[in-house]
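J.: Right, I'll just put the structure down here and ask away after.
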Amino acid sequence: MGAFDLVAAMAQTRAVGTRALRWLDPPAGPALVLLDQTRLPAEEAWLTCRDIPALDHAIRTLVVRGAPLLGLAGAYGVALAACRGDDVAAAADLLARSRPTAVNLSWGAARALDAYQAAHRAVGDADPGAARRAADAALAQARAIEADDAAASAAIARHGLSLVGERARILTHCNTGALVSAGEGTAFAIILAAHRAGRVAQLWVDETRPLLQGARLTAYEAGLVLTGADRIAADGSVANKVGTYGLAVLAHHHGVPFAVAAPVSTIDFAAAGAADIKVELRPGEEVTTFAGTAVAPPGSTAHNPAFDVTDAALVTALVTERGVTRPVNAGTLQSLGAGRGSREGAPTDVSVER
Ligand code: MRU
């Protein structure tokens, strides 16, 4: 699709009740039920993952995708391994490496593993009920991450609304709504909130192929560019769907604000800057073919990085569940990160006007 006006379409949007990922308890489970995003919009098909190889495959093939939802997939995956009596640490390690850029995946897996191991230690390895109690703890952690993500999404929408003026003309890049979240998403949650408030005059949904219409033309026309993020380094560098960097440069050149929306869990304080973010390289066939049909001459090869990294200096504001942060730099992110992982309290005022 090209960059096009979606306001009319939004008016007819179904209630956003899609749960792209759902835990299934026994006796039907334990399992993870995933909305197969590779088959949308033609078909709403559900994939039930009953073991870690199946989930790993679903993550790699983008059946389940988007940073916040990958956080849930990582955590519930660890719970699944624990319920099955698998090697839980090995499962967490495998899942964390399924995709390298979206930090929520390894973050979610690590948190569920921590909960599992802590419960195991507390009960004592010799206790026959230890494995059951530890599995319950991992599952409780996954459920908590899901609840936190839904709350973060709602808070991001609330805070982000302050960036959207009346009759706003917004450009967004890639997919950041209910399909990637336990709530209504990140950037798209803000857009929906703005739409409900009657503020969106025009929304462009940016797809930059085949003629780069979105990147070349739409940023020039937009009043606000709003994207999500898959990983944000401590200095504010933003890894997001490839094409984001070009948009940010264009937005900057044309004096258009460029804002990023993501939960605090997407900030990777262990990554100092862009060089510390591993960008996922995907198969070239994803570019040279479409839905199984070749769209490039036989023998063509393609370099297919899934993401690019945008310099913090190009990011006007970062919207998280804790408020609107600007400017975006190591100092303001450090303030934002204090108390990371806690539920939302009163919005932290880390906003510094440029
Ligand atoms: O399909 P993915 O997992 O590669 O998609 C990532 C994205 O959808 C975007 O980069 C998005 O802006 C960040 S995730 C909400």
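Where a number appears in this text, it was derived from the coordinates with a stated rule and is not lab data. Please read all numbers here as calculations on a predicted model, not as lab measurements. Glycine also receives a Cβ, built like all others from the backbone with ideal geometry; neighbour counts cover every protein chain displayed.
J.: Grab the DSSP H runs of the chain that are 4 residues or longer, score each as -39,500 (n - 2.57), total them, divide by all residues and round the 222 nm result to the nearest 500 deg cm²/dmol.
T.: Numbers: 10 runs with 125 residues, N = 354.
Counting only the DSSP helices, I get -11000 deg cm²/dmol.
J.: Non-local amide H neighbours of residue 267 (under 5 Å, H modeled in plane, Pro and chain starts lacking H): which ones?
T.: The list, which skips near neighbours in sequence, is 232.
J.: Also, I was wondering about something else. In nm, to one decimal, how far is the residue 127 label point from the residue 293 one, both placed 7 Å along Cα→Cβ?
T.: Rounded to a tenth, the inter-label distance reads 6.0 nm.
J.: Then there is this: Order these peptides, 91-104, 30-43, by their mean beta-carbon neighbour count within 10 angstrom, highest first. Please report the intermediate quantities before stating the final value.
T.: Working: 91-104: 22.9, 30-43: 16.3.
Taking the mean over residues of other Cβ atoms within 10 Å, the ranking is 91-104, 30-43.
J.: Would you kindly state how much longer the chain becomes between residue 33 and residue 201 on full extension, computed as 0.36 nm times their sequence separation minus their alpha carbon distance, in nm to one decimal?
T.: On the way: separation 168, 0.36 × 168 = 60.48 nm, distance 3.66 nm.
Full extension of this stretch gives 56.8 nm more.
J.: So, one more: Report the far tail of the P(r) of the chain, meaning the percent of Cα-Cα pairs longer than 29 Å. Don't jump to the answer; show the numbers that get you there.
T.: Working: 24416 of 62481 pairs.
Roughly 39 percent, once rounded to a whole number.
J.: How many angstrom separate the Cα center of the stretch 133-167 from the Cα center of the stretch 241-267?
T.: 21 Å
J.: Moving on to the next point. Using the basic label-point model (7 angstrom from Cα toward the beta carbon), what is the residue 117 to residue 84 distance in nanometres?
T.: It works out to 2.1 nm between the two label points.
J.: Going from the alpha-carbon gyration tensor of the stretch 158-351, what semi-axes, largest first and in whole Å, does one get by taking the root of 5 times each eigenvalue? All intermediate terms of the calculation are to be shown ahead of the outcome.
T.: Numbers: eigenvalues 157, 85, 46 Å².
So the equivalent ellipsoid measures 28, 21, 15 Å along its semi-axes.
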